[in-house]
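A quick write-up on the structure given underneath.
Please treat every number below as a calculation from the coordinates, not as lab data. Since the model is a prediction, treat every value here as computed from it, not as a measurement. For neighbour counting, all protein chains shown are included, and Cβ atoms are generated from backbone atoms with ideal geometry for every residue, glycine included.
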Amino acid sequence: MIGVIVQARCESTRFPNKIIQKFKDTTFIEILLRRVRLCKKIDKIIVATSNDKRNQKLIEILKKNNIKYFIGSKNNVLERYYLAAKKFKLKTIIRLTGDNPLIDPFLIDQFVNDFNENNIDYLADSTPPTYPDGMDIEVFNYKSLHKIYLSSSNAYEKEHVTTKLIKSSFFKKKIKKFYIDQSFIRLTVDEKKDLKPINNILNYFYPKID
């Protein structure tokens, strides 16, 4: 079972409610999920959010769109991922974050193919990044997630899900690189100033925002 787990929350300190900002009448998280639904290589889509009451608006949006979700720890995001993957019986996990509404579904499928063909534990497009900021994709197997869940002890490792996967020499890893460095392009929503370029792009392609 191959599943996308989108890490999403409304209680961001820099830009609260950034994932439920709207382009016309559609929230950014809905745009992201609409794009992910175009993937041909995944079986399930799950949004993993925290038990903070400020996420209730997000949960209502997910229910309206018939999207599976998991509510877990606010600070132990690693545990949230592990328990979500366990609950939905995932063997391969694609990790996305809710602040990247323009994520490329075809790129996700390419990553899944690459992950399977290379028989690895972890695949990502960062460290160092070459894809645009906002195209962040990580793929790993449940077995490796289980191992880092049991062995991660400090707060940083628990907050940043794949830290131990990246740093440990135990796991077989690959970094996927774009043929030219496009990491200077910003396609994410982390601050209010990011709204303008994202809205400009969506307006350009409207009504085909998926």
Legend entry - Reachable aspartates and glutamates, given that their alpha-carbon falls under 17 Å from the alpha-carbon of K68 and they are not under 8 places away in the same chain: E30, D43, E60
Inset, instruction - Sort the following peptides by mean Cβ neighbour count (other Cβ atoms within 10 Å, averaged over residues), highest first: 167-177, 28-38. - result: 28-38, 167-177
Legend entry - Which labelled figure in [x] 30; [y] 56; [z] 46 is percent of Cα pairs over 26 Å apart, once derived from the coordinates: [x]
Legend entry - Bridge type composition, region 1-113 - antiparallel percent by DSSP, nearest 5: 10
Inset, instruction - Give me the percent of Cα-Cα pairs in region 124-188 that sit more than 21 Å apart, rounded to a whole number. - result: 32
Legend entry - DSSP-defined antiparallel bridges as percent of all bridges, the chain, nearest 5: 30
Legend entry - Contact order normalised by residue count of the chain, Cα under 8 Å, 6+ apart, percent: 24
Inset, instruction - Starting from the eigenvalues of the Cα gyration tensor, five times each then square-rooted, give me the equivalent ellipsoid semi-axes of region 72-138, largest first, whole Å. - result: 21, 17, 11
Inset, instruction - Could you sort 69-81, 15-27 so that the peptide with the highest average Cβ count within 10 Å comes first and the rest follow in order? - result: 69-81, 15-27
Inset, instruction - Mind checking which lysines have their Cα closer than 26 Å to the Cα of K172? Skip sequence neighbours fewer than 8 apart in that chain. - result: K40, K41, K44, K86, K87, K89, K91, K143, K147, K158, K164
